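Inspection log for the structure reproduced underneath, given as structure tokens.
The values are calculated or read from the model by the stated rules, or taken from the named source; none is laboratory data. Fair warning: this is a prediction, and the values are worked out from it, not measured in the lab. FYI the Cβ positions are ideal-geometry reconstructions off the backbone, even for glycines, and counts take in every protein chain you see. Each accessible area value is taken on the protein alone, full model and side chains, heavy atoms only, with ligands, DNA and RNA left out. Shrake-Rupley method; radii C 1.70, N 1.55, O 1.52, S 1.80 Å.
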Amino acid sequence: MTDSVKEKLLAFFHTIQQYKGCKTEITSGLYALTASFDAKNTTWNLSEFTFVRAAFRQNGDRLIIEGKKMYYEFSAANIIDFKQPDLHSYEIIEAYGDVAFRITKIKFTIK
């Protein structure tokens, strides 16, 4: 993780409580690096919940986003990119080895 990505990610997690009580949509995709990235070759999952809190689990260096009876974890050591493509929307990319990646898109709906 570059210093720039780390700074953006930490800023996001320091301000994430502003979304408490908001409908949250997490779309995650698993893909293998090939000659060109194609979304149709990605395995996608979708979760919707009301955001409760975020946390950092030191055992395993995991960032966690929680809803009621649900949580989603990111491996801090594997994060290679963090973006904010739109207002209240975020994107995190994790690398698991040289060719396996997980892209996670988070969208908060403001009341």
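Among the residues of region 68-111, those identified as among the small types (Gly, Ala, Ser) and within 16 Å of Ala11 (Cα to Cα) are Ala76, Ser89. For region 31-47, the candidate set comprises residues that are modelled with pLDDT under 90 and in contact with a Phe, Trp or Tyr (Cβ under 8 Å, 6 or more places away or on another chain); within that set, the residue that is least open to solvent (accessible area, probe 1.4 Å) is Thr42. Within region 68-79, the residues that satisfy the criterion of being part of a strand (DSSP E or B) and within 14 Å of the chain's Cα centre (by Cα) are Tyr71, Tyr72, Glu73, Phe74, Ser75, Ile79.
Within region 49-67, the set of residues being of a type in the set (Phe, Trp, Tyr) and touching an Asp or Glu at 6+ places or on another chain (Cβ under 8 Å) comprises Phe51 only. When Ala11 is tested against (1) open to solvent by less than 60 Å² (accessible area, probe 1.4 Å); (2) touching a strand residue (DSSP E or B) at 6+ places or on another chain (Cβ under 8 Å); (3) aliphatic (A, V, I, L, M); (4) at pLDDT 90 or above, just one condition goes unmet, and that condition is (2). Please determine whether any residue of region 68-77 is at pLDDT 95 or above, among the charged types (D, E, K, R) and surrounded by 13 or more Cβ atoms within 10 Å (Cβ to Cβ). Scanning region 68-77 turns up no residue that is at pLDDT 95 or above, among the charged types (D, E, K, R) and surrounded by 13 or more Cβ atoms within 10 Å (Cβ to Cβ). Scanning region 85-111 for residues that are modelled with pLDDT of 95 or more and open to solvent by 90 Å² or more (accessible area, probe 1.4 Å) yields a single hit, Lys107. On the stretch given as region 48-67, residues that are farther than 20 Å from Leu10 by Cα and either open to solvent by 40 Å² or more (accessible area, probe 1.4 Å) or part of a loop (DSSP other than H, G, I, E, B) (or both) total 2.
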